[in-house]
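To start, the structure under review is shown below, and the notes come after it.
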Amino acid sequence: MVEKYNVLFNKYQRKIYRVLRDTLFREAIWRSVIGSRINREKAFRKYPHVKKLAERLRDIRYNTILNLQEYVKMTIENMEDANMHVYFAKTAQDARRIIGKIVGSNKIIVKSKSMTAEEIGLNEYLTTLQNEVWETDLGEFIIQLANRKPMHLVEPAIGIPKEKIAELFSKLAKREIPPSPTELAKFAREFLREKYFKADIGISGANVIAAETGTIFIVENEGNARFVTNAPPIHIVVAGIEKIVPTLQDAMLQIEVLSRYAGYTMPSYISLISGPSKTGDIEKNIIYGAHGPREVYVILLDNGRSEMMKHPIFREALLCIRCGSCLYECPVFEQIAGFYGSTYFGGIGAVWTKFVLDPLHAYVLAYSCTLCGRCHEICPMKIDTPSMILELRKEAAEQGFILRKIGRILVREYGFNINYSEKNNHS
Ligand code: SF4
């Protein structure tokens with residue numbers, strides 16, 4: 001095991017040092033970090049009460065995870081009442097198998113952004129079943145063409161310069177597309193529009209789910225998720241069970257807090273889905289599939305979340321609403337972005353990696369952290385990530401893994417661009 005850990009650690013270290021030599025990439029990340037902090041501050045200035053709302057949301061989410069099984073049961077009952085087909089997947093493998101059965105082979109699939117789909121390796125799996133899968137969020141579309149992994153929860157393609165994007169799009173279009181953001185967005189819009197209406201299946205995640213009605217909330221700015229969840233005849237939702245909150249009002253509260261902490265005063269679109277499209281306009285006969293999908297499948301994923309819930313320290317990580325705020329405060333993220341080699345990034349990502357992916361990988365990531373505490377300060381859910389990192393390190397040390405504080409080395413060698421609060425400086 002120690003040997004495997006060392007191989008993993010050395011591979012990871014080589015990868016991040018390679019990234020650090022890419023000055024263009026680091027410049028792009030830094031611009032993105034600064035821009036995002038400015039946007040978040042603007043959103044806080046415009047809606048100062050959001051910090052109070054975040055405190056309320058934390059209480060609601062904490063109570064929900066303490067009674068998670070009960071809320072999962074309630075969600076399933078209410079979704080089934082609303083004519084959705086619901087599956088509970090214990091593991092990533094179960095989720096892939098269920099989705100694989102629904103989808104089959106030789107289908108065209110359009111997808112909107114979903115970290116949960118990323119967590120279970122859904123694209124790769126569906127491709128091995130001979131399906132054609134298209135990411136439709138612009139950032140994810142770029143990442144897919146570049147054959148890379150997302151680098152941020154909210155902005156997956158940060159760090160890819162527009163010249164590189166123009167190169168990727170020109171290759172796909174078989175014509176020259178200039179590196180102008182307007183032209184690039186126009187090409188993606190035209191290319192993907194055709195896919196939405198040809199697609200057999202749309203796959204999305206969920207930002208939050210209201211248990212009392214089984215309603216799925218999806219937040220976005222681009223409008224792609226509306227096409228994905230509406231144009232194809234079948235819609236599949238894959239969502240972690242921690243996305244559940246008790247009521248519609250709680251879900252809306254989460255959307256508000258999530259948006260402001262993600263740096264948006266308000267997202268352009270919030271979709272609420274409570275079942276397949278239907279009409280009763282012809283002699284009161286209920287027909288499914290009026291204009292939207294005739295079938296909606298929901299896969300509620302556990303994959304380690306119940307285990308996380310049982311742990312007195314790591315449990316808090318389930319409160320994460322994936323606003324990405326902590327990443328833009330993290331001194332290591334601003335150097336290497338999403339090059340952690342895991343689906344989930346930053347300190348909070350290390351904890352998630354332990355439960356949903358691979359504990360060994362989590363131990364490697366735990367040593368990327370500087371324990372500066374900025375993530376804890378900015379987090380709307382006040383998740384004490386530094387304490388969880390210390391717990392991960394304790395576990396790693398107990399298993400004989402060598403302690404190498406790579407985060408501190410990075411910051412020392414490559415600069416520390418922000419001041420951090422001494423009061424949270426665990427060492
Ligand atoms: S840990 Fe907190 S700040 Fe980071 S993504 Fe989750 S909710 Fe947002």
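Nothing in this text is a laboratory measurement; each read-out follows from the coordinates by a stated rule. Computed from a predicted structure; not experimentally measured. Every residue, glycine among them, receives a Cβ derived from its backbone with ideal geometry; neighbour counts consider all protein chains shown.
Sort all Cα-Cα distances of the range 53-116 into consecutive 10 angstrom bins from zero, then give the percent of pairs in each bin up to the one containing the longest distance.
16, 32, 37, 13, 2
At q = 0.07, 0.12 Å⁻¹, what log₁₀ I(q)/I(0) does a Debye calculation on the Cα points of the chain give, no solvent, two decimals?
Taking Cα atoms of the chain as identical point scatterers yields -0.33, -1.03.
Lone cysteines in the chain, going by a 4.7 Å Cβ-Cβ cut-off?
C320, C323, C330, C369, C372, C379
Once you keep just the Cα pairs under 8 angstrom separated by 6 or more residues, what percentage relative contact order results for the chain?
This gives 21 percent for the chain.
Apply 1/(1 + (r/R0)^6) to the Cβ-Cβ distance of N63 and E194, taking R0 = 56 Å, and write down the FRET efficiency to the nearest 0.05.
For N63 and E194, the calculated efficiency is 0.75.
Under 11 Å from the Cβ of G304, count the other residues' Cβ atoms, weight Lys and Arg +1, Asp and Glu -1, and hand me the total.
Its environment carries a net charge of -1.
Scan the chain and report its longest stretch carrying no trypsin sites (Lys or Arg not before Pro) that are both in a DSSP loop and have at most 11 other Cβ atoms within 10 Å.
Working: sites that count: R21, K174, R175, K284.
After excluding every exposed loop site, the longest remaining stretch is 22-173.
Can you give me the distance in nm between label points at K52 and A397, each placed 7 Å from the Cα along the Cα-to-Cβ direction?
4.3 nm
Taking the inverse of the average 1/r across all pairs of different Cα atoms in the range 50-303, what Kirkwood radius in Å do you get?
19.0 Å
State whether the range 39-146 is rounded, prolate or oblate according to the following rule on the C-alpha gyration tensor (a ≥ b ≥ c being the square roots of its eigenvalues): a/c under 1.5 gives rounded; otherwise a/b larger than b/c gives prolate, and the remaining case gives oblate.
Numbers: a/c = 2.72, a/b = 1.33, b/c = 2.04.
Oblate, since a/c reaches 1.5 and b/c is not below a/b.
Rounded to the nearest 0.05, what FRET efficiency do A185 and N106 have when you use their Cβ-Cβ distance and R0 = 30 Å?
0.50
Given labels modelled 7 Å from the Cα in the Cβ direction, how far is it in nm from N10 to R97?
3.7 nm
Rounded if a/c is under 1.5, else prolate if a/b beats b/c, else oblate: with a ≥ b ≥ c from the C-alpha gyration tensor eigenvalues square-rooted, which is the range 257-308?
oblate
Using a Gaussian network model on the chain with a 10 Å cutoff between Cα atoms, which of L392, L168, L319 fluctuates the most?
Evaluated over the chain, the most mobile residue of the options is L168.
Report the charge-dipole magnitude of the range 50-303 in Debye, nearest 20, computed about the Cα centre from +1 at each Lys and Arg Cβ and -1 at each Asp and Glu Cβ. Don't skip to the end; give the middle numbers.
Values: 31 positive and 32 negative charges, 96 e Å.
About 460 debye.
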